[in-house]
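*Asks:* Before anything else, here's the structure in question.
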Amino acid sequence: MNRPPGSTTVSAPERPRLLVLHGEDLPPGHERLDDHPGLGEVVYTDAEGLSAALPGADALLVWDLFTEALARSWPRADRLRWVHAATTGVDNLMFPGLVESDAVVTNSRGVFDEHIAEYVLGLVIAFAKDFHRTSELQRGHRWLHRETERVTGKRALVVGTGPIGRAIGRKLAAVGMEVRASGSHARDGDPDFGHVVASSLAERTDDDDPTLFQALPEADYVVVAAPLTAATRGLVDRRFLDLMKPTARLINIARGPIVVQSDLVNALQEGSIAGSALDVFEREPLKAINPLWGLPGSIVSPHMSGDVVGWRDDLVELFLDNLARYLDGRELRNVVDKDRGYVPG
């Protein structure tokens, strides 16, 4: 039975069994879990051992950030009622078995907002001030004077109005950029963006609201900060890119499959947009033969935009707070709407 929408509590059994699904590293300070007086047992497993470890587990901490192992092992989850993801995006957990179950899913919303916003601001400035070219010239011991672009007065379009998108919008506005946004539906009076257009490439919505079709041609920077859902998968395709200015740049710090990578490669090769900065990709790590490594105007980074010094500790602190709420029967933080695939805001 699916848990009613909006439910934010889970009835924890006495001294529940916690399962931690990890990758190469355990959570920092995991001894705090091992010695937790409210837990009956803490079991650590990697993806290979998950199927054997799931029976009898009451709660699961998914520390292996992008794993799909839970989907494969789900039939073995006989008691699981709470799943916490040490990420903001939970697209890897939105498989039918978990979505249709009564298990509550929570995420780590709030940990990465400012980190990613700073990273995006850095990318915008790097593009405008041609830092990439300066670094190349320095390595070649070449003195080549150039003129650079202003940041103040440029227009940014943020695709996604969640906490990360809002933090990005505030950072860009603080340096004098004009910031707009697109969301699941158009609206006026947004506290951070004013008017929000609908994330659709249709010329108008059924309510005759403006959409990306109108907003994209006006943007100098397009920043993708939306969750990966059925509605956003493949959103940035050839039509999307064709609506952008030839001088515009695309930045994606959300999820790789939102961008159709082959269409982006073609756009960069043809010069129909000026550049892109991708921190996420359809498949990671990015293969060495991928053309994005060497295309003019292309910046590639290894899914690190939110990973500042201490970020793993912050993830553990958030989980420990939610664990205390779970054990006390209080409302959990960051409960994911499993029909939407993200935490409503």
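The values are calculated or read from the model by the stated rules, or taken from the named source; none is laboratory data. Predicted, not measured: the structure shown is a model, and the values here were computed from it. So basically every Cβ, Gly included, is an ideal-geometry build from the backbone, and we count neighbours across all protein chains shown.
*Asks:* Can you find even one residue in region 297-306 that is surrounded by fewer than 18 Cβ atoms within 10 Å (Cβ to Cβ), in contact (Cβ under 8 Å) with a residue 40 or more places away in the chain and either polar (S, T, N, Q) or farther than 24 Å from Phe131 by Cα (or both)?
*Replies:* The answer is no, given that none of the residues of region 297-306 is surrounded by fewer than 18 Cβ atoms within 10 Å (Cβ to Cβ), in contact (Cβ under 8 Å) with a residue 40 or more places away in the chain and either polar (S, T, N, Q) or farther than 24 Å from Phe131 by Cα (or both).
*Asks:* Now, a different point. Would you confirm whether or not region 5-24 contains a residue that is in contact with a Phe, Trp or Tyr (Cβ under 8 Å, 6 or more places away or on another chain) and within 17 Å of Ser101 (Cα to Cα)?
*Replies:* For region 5-24, residues in contact with a Phe, Trp or Tyr (Cβ under 8 Å, 6 or more places away or on another chain) and within 17 Å of Ser101 (Cα to Cα): present.
*Asks:* Also: Determine the pairs where a residue that is closer than 25 Å to Asp307 by Cα, located within region 235-254, has a partner that is in a loop (DSSP other than H, G, I, E, B) and among the small types (Gly, Ala, Ser) with Cβ atoms under 6 Å apart, the partner being 6 or more residues away or on another chain.
*Replies:* Sorted first by the residue in region 235-254, then by its partner, the pairs are Arg249/Ala274; Ile253/Ser305; Ala254/Ala225; Ala254/Ala226.
*Asks:* Now for a separate question. If I ask for residues that are within 24 Å of Ala274 (Cα to Cα) and either outside the structural domain of Thr211 (by TED's automatic domain parsing) or among the hydroxyl-bearing types (Ser, Thr, Tyr) (or both), which ones from region 132-186 would you list?
*Replies:* Thr134, Ser135, Thr148, Thr152, Ser182
*Asks:* Now a separate question. Just to be sure I understand, how many residues within region 217-251 are buried (at least 21 other Cβ atoms within 10 Å of the Cβ) and either over 21 Å from the mean Cα position of the chain (by Cα) or assigned to a loop (DSSP other than H, G, I, E, B) (or both)?
*Replies:* Looking only at that region, the number is 10.
*Asks:* Okay, next question. Of (1) at pLDDT 95 or above; (2) surrounded by fewer than 15 Cβ atoms within 10 Å (Cβ to Cβ), Ser7 satisfies all except one. Which?
*Replies:* (1)
*Asks:* Let me ask you something else. Looking only at residues in region 133-153 that are within 29 Å of the chain's Cα centre (by Cα) and of a type in the set (Lys, Arg), which one is nearest to Glu178 (Cα to Cα)?
*Replies:* Result: Arg150.
*Asks:* Turning to a different aspect of this structure: If we keep just the residues of region 34-66 that are assigned to a strand (DSSP E or B), out of contact with any Asp or Glu (no Cβ under 8 Å at 6 or more places or on another chain) and free of Cβ contacts under 8 Å to residues at least 40 places away in the same chain, which is surrounded by the fewest Cβ atoms within 10 Å (Cβ to Cβ)?
*Replies:* Ranking the qualifying residues of region 34-66, first place goes to Glu41.
*Asks:* Checking Val159 against (1) under 24 Å from Asp307 (Cβ atoms); (2) surrounded by fewer than 16 Cβ atoms within 10 Å (Cβ to Cβ); (3) in contact with a strand residue (DSSP E or B) (Cβ under 8 Å, 6 or more places away or on another chain); (4) of a type in the set (A, V, I, L, M), which single condition isn't satisfied?
*Replies:* Failed condition: (2).
*Asks:* Hey, another quick one. Do we have any residue at all in region 84-103 that's out of contact with any helix residue (DSSP H, G or I) (no Cβ under 9 Å at 6 or more places or on another chain), over 27 Å from Asp339 (Cβ atoms) and not assigned by TED's automatic domain parsing to the domain that holds Gly165?
*Replies:* No: zero hits.
*Asks:* Regarding Ser101, is this residue assigned to a loop (DSSP other than H, G, I, E, B) and within 16 Å of the chain's Cα centre (by Cα)?
*Replies:* So Ser101 does not fit the description; no.
*Asks:* Would you point out which residue out of Gly165, Gly110 is closer than 30 Å to Leu60 by Cβ and crowded, with 18+ Cβ neighbours inside 10 Å?
*Replies:* Gly165
*Asks:* Taking only pairs six or more apart or across chains, which ones have beta-carbon atoms under 7 Å, a first residue in region 198-214 that is in the same structural domain as Gly162 (by TED's automatic domain parsing) and in a loop (DSSP other than H, G, I, E, B), and a second residue that is aromatic (Phe, Trp, Tyr) and at pLDDT 85 or above?
*Replies:* Leu201/Phe213; Leu201/Phe240; Ala202/Phe213; Glu203/Phe213
*Asks:* Out of region 152-189, which residues are at pLDDT below 95 and among the acidic types (Asp, Glu)?
*Replies:* Listed by number, the list holds a single entry, Asp188.
*Asks:* Shifting gears a bit: Does region 326-340 contain any residue that is more than 30 Å from Lys129 (Cα to Cα), among the polar types (S, T, N, Q) and part of a loop (DSSP other than H, G, I, E, B)?
*Replies:* Yes, some residue in region 326-340 is more than 30 Å from Lys129 (Cα to Cα), among the polar types (S, T, N, Q) and part of a loop (DSSP other than H, G, I, E, B).
*Asks:* Surrounded by fewer than 19 Cβ atoms within 10 Å (Cβ to Cβ) and in contact with a strand residue (DSSP E or B) (Cβ under 7 Å, 6 or more places away or on another chain), is that true of Asp192?
*Replies:* no
*Asks:* Which pairs turn up if I take residues in region 130-154 that are assigned to a helix (DSSP H, G or I) and look for partners that are surrounded by 13 or more Cβ atoms within 10 Å (Cβ to Cβ) with beta carbon separation below 8 Å, at least 6 apart in sequence or on another chain?
*Replies:* These pairs meet every condition: Phe131/Ile125; His132/Ala126; His132/Ile299.
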